[in-house]
Amino acid sequence: MIPIAKPYLTQDEAQATYDTILTGWITQGPKVQEFEEKFAAYTGAKYAIALSNCTTALHLSMIVSGIGPGDEVICPSMSYIATANAIRYVGAKPVFAEVDPCTYNIDLADVEKKITPKTKAILVVHQIGMPADINAFKKLCNTHNLKLIEDAACAVGSSYKGEKIGTHSDLVCFSFHPRKVMSTGDGGMITTSKEEYYTRLKLLRQHGMSVNDRTRHLSSKVVFEDHVELGYNYRLTDIQAAVGIKQLEKLDWIIAERRKIALRYHQAFQQIDCIRLPVEQEGYFSNYQSYSVYLKENCPISRNELMQKLLDAGVSTRRGIMTTHRETAYAEYSKGIKLPVSEDASDRSIIIPLYVPMPEEEISEVINKIKEILGR
Ligand SMILES: *Cc1c(COP(=O)(O)O)cnc(C)c1O
């Protein structure tokens with residue numbers, strides 16, 4: 001069976017966890033700090049704050065943006081459910097906007113239509129690694145005095161107009177779940193260039209505690225901490241951070257390999273007129289966290305039939321990106337909502353295997369089976 005994805009973890013990462021465990025610094029120690037510094041340097045952002053996952057990163061981004069009950073935040077429905085959940089955690093309302101049918105990124109014109117006096121922020125998702133047109137959203141946010149938050153869960157190492165995702169706005173949230181391009185098991189990061197956010201995020205991730213573990217540990221004087229506001233336990237451990245440091249060293253290679261496979265798919269499928277392939281416009285650089293294929297009207301077979309046939313042939317696939325408004329947990333947020341582009345894109349697309357290192361035979365097998373089933 002050809003898997004849909006696989007994290008690229010090797011002896012290096014295993015050794016790093018082993019070494020870290022034996023140092024005795026298990027959480028909020030030197031590895032977390034080193035990972036943050038290296039991640040900030042990699043993206044070009046001034047600061048990076050390591051967190052337990054991207055969902056907690058999004059939650060804290062909502063808090064530092066001052067979003068709360070009665071506020072509205074515009075986001076795509078077509079995204080992993082964690083995007084909209086983070087808005088609900090602070091008592092605000094997710095307002096769903098459409099996506100662009102080619103890039104699956106949130107549609108600027110539709111976002112603009114959905115701005116109301118209650119709108120406080122726009123939560124832009126870089127869909128499966130393809131950067132959104134972040135400058136356009138920055139401009140829109142400036143015009144309407146809104147906060148901008150980026151859900152870059154899938155977009156580590158992607159870039160927009162020559163700059164890495166992580167530098168374009170003040171709250172950019174990343175994920176290191178095994179399904180993403182680099183992994184720490186579970187894990188997350190926020191990049192920011194705003195010192196005020198950096199300081200507060202570090203407080204919030206550790207119970208609102210005024211003195212962090214390292215400072216206390218290194219102090220020659222007795223220190224007592226205060227808990228200055230309601231905080232959380234959203235820490236990343238040093239064991240995970242040690243894995244992250246190793247993954248970061250390989251990230252550009254991983255992305256280059258992913259892009260080679262994406263190019264192979266592109267070349268193999270571009271002549272097939274019943275499917276649409278990912279579009280990477282000028283100035284956009286995707287890490288190809290996923291490779292999604294859209295089945296057009298003239299496709300001889302339904303999406304679900306294609307998935308089943310591929311499974312029968314030993315090729316695993318996944319449905320396209322989900323829509324949040326059609327999930328049971330969102331029943332009360334979806335009344336009267338119409339998002340035909342998102343629903344169509346979600347229902348007519350599949351994600352095909354892409355991982356590193358993917359053997360040549362598997363790449364050819366995926367290509368041949370898809371061509372065969374589509375009769376091309
Ligand atoms: C994976 C994902 C998340 C959640 O990331 P976790 O690290 O698992 O919390 C959020 N948003 C998007 C778009 C994702 O793909």
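The values are calculated or read from the model by the stated rules, or taken from the named source; none is laboratory data. Worth saying up front: this structure is predicted, and the values here are computed from it rather than measured. Don't worry about glycine lacking a Cβ; one is built from the backbone with ideal geometry, like all the others, and counts go over all protein chains shown. Accessible surface areas use protein heavy atoms only, side chains included; no ligands, DNA or RNA. Shrake-Rupley method; radii C 1.70, N 1.55, O 1.52, S 1.80 Å.
The residues of the stretch 119-154 that are assigned to a loop (DSSP other than H, G, I, E, B) and touching a Ser or Thr at 6+ places or on another chain (Cβ under 8 Å), listed by number, are His126, Met130, Pro131, Ala132, Leu146, Ala152, Ala153, Cys154.
For the criterion of being in a loop (DSSP other than H, G, I, E, B), more than 14 Å from the ligand (Cβ to nearest atom) and β-branched (Val, Ile, Thr), Ile67 passes.
Taking (1) surrounded by fewer than 18 Cβ atoms within 10 Å (Cβ to Cβ); (2) under 20 Å from the mean Cα position of the chain (by Cα) in turn, Glu196 satisfies each apart from (2). With respect to Ala329, is the statement that it is assigned to a helix (DSSP H, G or I), in contact (Cβ under 8 Å) with a residue 12 or more places away in the chain and surrounded by fewer than 14 Cβ atoms within 10 Å (Cβ to Cβ) true? In short, yes. Residue check: is Glu365 open to solvent by 60 Å² or more (accessible area, probe 1.4 Å) and under 30 Å from Ala256 (Cα atoms)? Judged against the criteria, Glu365 is a match. In this structure, does Lys260 turn out to be open to solvent by 60 Å² or more (accessible area, probe 1.4 Å) and assigned to a helix (DSSP H, G or I)? Yes: the conditions hold for Lys260. Looking only at the stretch 344-376, residues that are assigned to a helix (DSSP H, G or I) and under 20 Å from the mean Cα position of the chain (by Cα) come to 2 in all. Taking the stretch 123-149 as the range and being in contact with a Cys (Cβ under 9 Å, 6 or more places away or on another chain) and within 14 Å of the ligand (Cβ to nearest atom) as the test, the residues that pass are Leu123, Val124, Val125, His126, Gln127, Ile128, Gly129, Met130, Ile149. Each residue in the stretch 65-81 was checked for being surrounded by fewer than 22 Cβ atoms within 10 Å (Cβ to Cβ) and either under 26 Å from Met130 (Cα atoms) or in contact with a His (Cβ under 9 Å, 6 or more places away or on another chain) (or both), and 3 of them qualify. For Arg348, the stated conditions do not hold, so it cannot be described as within 16 Å of the ligand (Cβ to nearest atom) and free of Cβ contacts under 8 Å to residues at least 60 places away in the same chain.
Can you name the residue in the stretch 44-64 that is away from the ligand (no atom under 11 Å from the Cβ) and not small (Gly, Ala, Ser) and is also surrounded by the most Cβ atoms within 10 Å (Cβ to Cβ) among such residues? Among residues in the stretch 44-64 that are away from the ligand (no atom under 11 Å from the Cβ) and not small (Gly, Ala, Ser), the one surrounded by the most Cβ atoms within 10 Å (Cβ to Cβ) is Leu60. Just so you know, in the stretch 1-17 the residues that are of a type outside the set (Val, Ile, Thr) and within 24 Å of the chain's Cα centre (by Cα) include one that is farthest from Ser292 (Cα to Cα), and it is Glu13. Give the stretch 168-186 a look and list any residue that's more than 10 Å from the ligand (Cβ to nearest atom) and in contact (Cβ under 8 Å) with a residue 60 or more places away in the chain, or say none. Those that are more than 10 Å from the ligand (Cβ to nearest atom) and in contact (Cβ under 8 Å) with a residue 60 or more places away in the chain: Leu171, Val172, Val181, Met182.
Conditions (1) open to solvent by 10 Å² or more (accessible area, probe 1.4 Å); (2) in contact with a strand residue (DSSP E or B) (Cβ under 8 Å, 6 or more places away or on another chain), marked per residue:
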| residue | (1), (2) |
| --- | --- |
| Ile87 | no, yes |
| Glu98 | yes, yes |
| Tyr104 | yes, yes |
| Val111 | no, yes |
| Pro131 | no, yes |
| Ala136 | yes, no |
| His144 | yes, yes |
| Thr167 | yes, yes |
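Within the stretch 217-257, the set of residues being open to solvent by 20 Å² or more (accessible area, probe 1.4 Å), in a helix (DSSP H, G or I) and of a type in the set (S, T, N, Q) comprises just one member, Gln240. Pairing each residue of the stretch 128-149 that is within 17 Å of Leu58 (Cα to Cα) with any residue that is within 13 Å of the ligand (Cβ to nearest atom) and not in a loop (DSSP other than H, G, I, E, B), provided the two are 6+ apart or on different chains, yields C-beta distances under 6 Å for Ile149/Ser61; Ile149/Leu123. Taking (1) open to solvent by 10 Å² or more (accessible area, probe 1.4 Å); (2) within 14 Å of the ligand (Cβ to nearest atom); (3) among the small types (Gly, Ala, Ser) in turn, Ala152 satisfies each apart from (1). For the stretch 5-35, the set of residues classified as open to solvent by less than 10 Å² (accessible area, probe 1.4 Å) and under 23 Å from Tyr232 (Cα atoms) consists of Gly29, Val32, Phe35, listed by residue number.
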